[in-house]
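Each remark here refers to the structure printed beneath this line.
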Amino acid sequence: MQQATGRRGAVRHIPRPALHTLAIAAARLKPALARQARAALAMDTINMTFDPAPARKAFPDLPNTDMPTALKELLA
């Protein structure tokens with residue numbers, strides 16, 4: 001993302017136990033923060049790989065845009 005957008009920032013990692021604690025503790029006070037913590041846990045623990053081969057086979061004429069190009073078009 002940093003390379004595609006030209007923006008720089010520090011990458012920070014929050015330990016899973018801290019995310020779990022935050023998700024529970026923030027649930028009543030800041031539900032949106034609790035949801036973000038649960039989403040971060042899911043993204044850190046669930047296999048989120050994607051195989052485009054079946055879609056490419058079913059729709060061979062569908063344009064293939066890589067992430068840097070899509071971000072540049074979005075942010076232009």
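The values are calculated or read from the model by the stated rules, or taken from the named source; none is laboratory data. These numbers come from a predicted model, not from an experiment. Here the Cβ is made from the backbone with ideal geometry for all residues, glycine too, and neighbour counts use every protein chain on show. The accessibility values were calculated without ligands, DNA or RNA, using every heavy atom of the protein model including side chains. Shrake-Rupley method; radii C 1.70, N 1.55, O 1.52, S 1.80 Å.
Do you know which residues across the range 1-18 are assigned to a helix (DSSP H, G or I) and in contact (Cβ under 8 Å) with a residue 40 or more places away in the chain?
Within the range 1-18, Gln3, Ala4, Thr5 meet the criteria.
In the range 19-28, what count of residues is obtained for those that are closer than 11 Å to Arg38 by Cα, assigned to a helix (DSSP H, G or I) and open to solvent by less than 90 Å² (accessible area, probe 1.4 Å)?
The total comes to 4.
Could you run through the range 7-18 and say how many residues are surrounded by 10 or more Cβ atoms within 10 Å (Cβ to Cβ) and either within 26 Å of Leu74 (Cβ to Cβ) or at pLDDT 95 or above (or both)?
Of the residues in that region, 2 qualify.
Which one is most open to solvent (accessible area, probe 1.4 Å), of the residues in the range 40-55 that are within 26 Å of Thr69 (Cβ to Cβ) and hydrophobic (A, V, I, L, M, F, W, C)?
My answer is Phe50.
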